[in-house]
Structure formats: C-alpha cells, structure tokens
1. Give me log10 I(q)/I(0) at q = 0.18 Å⁻¹ for the stretch 81-122, Debye formula, one equal scatterer per alpha-carbon, no solvent.
2. Considering only DSSP beta bridges where both residues belong to the chain, give the percentage that are antiparallel (nearest 5).
3. With a 1.4 Å probe and every protein chain left in place, work out the accessible area per residue of the stretch 1-150 in Å², rounded to a whole number.
4. Which of rounded, prolate, oblate describes the stretch 28-98, given a ≥ b ≥ c as roots of the alpha-carbon gyration tensor eigenvalues and a/c under 1.5 marking rounded, otherwise prolate only if a/b is larger than b/c?
5. For the chain, modelled as a GNM with alpha-carbon contacts under 10 angstrom, which of 168, 122, 194 fluctuates the most?
6. Once you place label points 7 Å from the Cα toward the Cβ at residue 43 and residue 2, how far apart are they in nm?
7. How high is the FRET efficiency from residue 201 to residue 157, r the C-beta distance, R0 22 Å, rounded to 0.05?
8. Can you work out ³J(HN,Hα) from phi for every residue in the stretch 124-129, in order, using Karplus 6.51 cos²θ - 1.76 cosθ + 1.60 and θ = phi - 60°, giving whole Hz and x for Gly and Pro?
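The values are calculated or read from the model by the stated rules, or taken from the named source; none is laboratory data. None of these values were measured; they are calculated from a predicted model. Using ideal geometry, Cβ is built from the backbone for each residue, glycine included, and neighbour counts are taken over all protein chains shown. For accessibility, only protein heavy atoms count, side chains too; no ligands or nucleic acids. Shrake-Rupley method; radii C 1.70, N 1.55, O 1.52, S 1.80 Å.
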Amino acid sequence: RFPEATIVGEEATSEDASLLDGIAEAEMAVIIDPIDGTWNFARNLTQFGVILAVASRGETIFGLLYDPVMDDWIMAHRGQGAFYVRPDGTQRQLQVSAREHLADMTGFTSLRLFPKELQYRLATTFPDFSRMMSIGCACHEYRTLASGFGEFSLIGALMPWDHAAGVLVHQEAGGYSALLDGRPYQPTIHQGRLLLANSRETWERLRERFAFM
C-alpha cells in the first residue's frame, strides 16, 4: 500500500545498522518490531506483541501496540489522543493515571539494560514505590501505562522499534516523557536514558530520584 515508505525493522537493522539513518529524512518511515517480547514468546508466555510506528522527517506521527493473543490494540495519531480498540472496532479513549504520591506508584524498568554498577543503585530505589516491574515486553508495558495502570517507566535502551510508537501513545494519553538530560524523545535518538511519567511534576520528582543514572 505504501511502496514509497522506508521500512525499518528490528531484524533487518541487525544486519544493516545504516537503516536507522533513514528515519531522520524519510517522508514516511515505518518502524516495526514484529515480535516484541521475544523471550516471552519463545517460552509460550502471552506477554508479547507487535509494535508499529510511522515517522515523518524524524517525528513519530502514528503508533500502534497490537496484542495478537487478544486481537486488540492501542493506537494514537499525533494530536488526536490514544485509543484502545477491541476486535469488533469499538474504541475507548485512554488517559494515564492521576496518582501523585511516589509511594503509591507502579513503575517499570529492566535492570539488565543498565551497567552492572548502576543496577545495584537502581535496585535500592524500588522500595520507594508501591511496585516495580518488568514485563519483558515494551508493547505491554506501554499499554499498561497508557491505560492508567502504571505511573512511570525508566528505560535504558532506545531502539526505535521498541519506543517510537509507545512514547507517542503515552503522550497522547496525557503522559510526559523526556530523556534524563531533558531532551524530548525522537526515534532518531538511540543513546541515553528515557523517563516516562504520568505528569510533568511526577517526571521532575522521579528525575531527581534517578539523578545518579
């Protein structure tokens, strides 16, 4: 349907890393992770999904988080909100959590994506929150955040097929995100640490808590 599109897939990029360079200039770049949560998928666990983002000139304009087990999805067009869509086509607009107290919050992070010396320090922050989790699948973690069932996520690896769609969905559901150095996330950024939160105020408090990162 879109023969003019630049296709950036996880598997193809592992063979040719220069494909990442095309995201910045392409009028339409389609960024695909066909099986997100491969570790789960390979072990017959249901927490896996398909992630698809569309970027134009380096800016994400569409995001899709699809669950092939339940055959439902969450999608967002820039500036139009985020929606949960059932297999029959009915939709529900999504809104991030309104929790304000860190001690009541659920967060997501994966220790293995940080250097060993930081893993121990990061683990000491876990008791500050109600729950710290890793589903092992960015697709389902972003779905959980956008649906209001978690408040934040700290991310240590920025491959665009994992995060371009999810960051847009989270923003369109009312969340705030930026790299820890304050830069806004773009799918052309592949190094750094990304923090998502349910509000700018929560993001600022979490940034202080994770300042050692």
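1. Reported log10 I(q)/I(0), two decimals: -0.76.
2. 75 percent
3. Heavy-atom SASA per residue in the stretch 1-150 reads 56 Å².
4. Because a/c hits 1.5 or more and a/b fails to exceed b/c, the stretch 28-98 counts as oblate.
5. 122
6. Spacing of the two 7 Å Cα→Cβ label points: 3.4 nm.
7. 0.25
8. Those phi angles translate into 5, 7, 4, x, 6, 10 Hz.
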